[in-house]
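Since the structure comes first, as structure tokens, the remarks are kept for the end.
The values are calculated or read from the model by the stated rules, or taken from the named source; none is laboratory data. This one's a predicted model, so the numbers in the text were calculated from it and none came from an experiment. Positions of Cβ are backbone-derived with ideal geometry, glycine not excepted, and every protein chain shown enters the neighbour counts. Just so you know, the surface numbers come from the protein's heavy atoms only, side chains and all, with ligands and any DNA or RNA stripped out. Shrake-Rupley method; radii C 1.70, N 1.55, O 1.52, S 1.80 Å.
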Amino acid sequence: MSNCLFCRIIAGEIPAAIVFQDDSLVAFKDINPQAPLHLLLVPKTHIATLNDLAPEHDALVGSLFRRAAALAREHGYHERGYRTVFNTHADAGQTVFHVHLHLLAGRGLTWPPG
Ligand code: AMP
Ligand code: ZN
């Protein structure tokens, strides 16, 4: 989608600090990090929210989580701990309507979340 911020990052039209990509997903640093490590894992195909996932996306969702775990490990947080979050619609604070998995690590993350 040409007016989608994350589609434009994936297309290379807007710069981002990309740390990993393969055929199905890209991972880049959040521009407004909420923890010492704050990455966004984004499918290369445009899916607006979790509500729009279909069975054909099951492998993709698995890849997002498995890559998040691999990136947490690469950054040394796999045993200390980390959080993975999808925000969906207004009450969760979703601002970019292209599915993205937040990976947060490097500080104590409170629970319940705000
Ligand atoms: P959400 O609120 O779950 O929709 O998360 C959107 C995230 O995208 C926020 O954490 C923003 O800081 C982040 N973000 C917005 N614009 C950019 C950008 N150009 N590059 C990297 N991250 C961004
Ligand atoms: Zn998009």
Report summary line: Scanning region 48-65 for residues that are open to solvent by 10 Å² or more (accessible area, probe 1.4 Å) and closer than 21 Å to THR95 by Cα, the one nearest to ligand 2 (Cβ to nearest atom) turns out to be ALA48
Requested in this report: Report, by residue number, each residue of region 8-18 that is surrounded by 11 or more Cβ atoms within 10 Å (Cβ to Cβ) and more than 12 Å from the chain's Cα centre (by Cα).
Outcome: ARG8, ILE9, ILE10, ALA11, ILE14, ALA16
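Take the residues in region 19-37 that are open to solvent by 80 Å² or more (accessible area, probe 1.4 Å) and under 18 Å from LEU104 (Cβ atoms), then tell me which one is farthest from ligand 1 (Cβ to nearest atom).
Taking region 19-37 and keeping what is open to solvent by 80 Å² or more (accessible area, probe 1.4 Å), we get 21, 23, 29, 31-32, 34, 36.
Keeping just the survivors that are under 18 Å from LEU104 (Cβ atoms) gives 29, 31-32, 34, 36.
On the way: LYS29: 7, ILE31: 4, ASN32: 4, GLN34: 7, PRO36: 15 Å.
Ranking the qualifying residues of region 19-37, first place goes to PRO36.
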Query raised in the report: Quick one: would you say ALA68 is more than 12 Å from the chain's Cα centre (by Cα) and open to solvent by less than 40 Å² (accessible area, probe 1.4 Å)?
Result: no
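Residue-wise test of (1) without any contact (Cβ under 8 Å) to a residue 40 or more places away in the chain; (2) among the hydroxyl-bearing types (Ser, Thr, Tyr).
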residue: PHE6; (1), (2): no, no
residue: SER24; (1), (2): yes, yes
residue: LYS29; (1), (2): yes, no
residue: GLN34; (1), (2): no, no
residue: ALA48; (1), (2): no, no
residue: LEU53; (1), (2): no, no
residue: HIS57; (1), (2): yes, no
Report summary line: Residues in region 93-114 that are in contact with a Phe, Trp or Tyr (Cβ under 8 Å, 6 or more places away or on another chain) and small (Gly, Ala, Ser) total 2
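Looking at this structure, is THR95 open to solvent by 80 Å² or more (accessible area, probe 1.4 Å) and within 16 Å of ligand 2 (Cβ to nearest atom)? Quick ask: steps written out before the conclusion?
Details: open to solvent by 80 Å² or more (accessible area, probe 1.4 Å): yes; within 16 Å of ligand 2 (Cβ to nearest atom): yes.
So THR95 fits the description; yes.
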Requested in this report: List every residue pair whose Cβ atoms lie under 8 Å apart, where the two residues are 6 or more positions apart in sequence or sit on different chains, the first residue falls within region 85-97 and is more than 8 Å from ligand 1 (Cβ to nearest atom), and the second residue, located anywhere, is of a type in the set (Ser, Thr, Tyr).
Outcome: THR88/THR49; HIS89/THR49
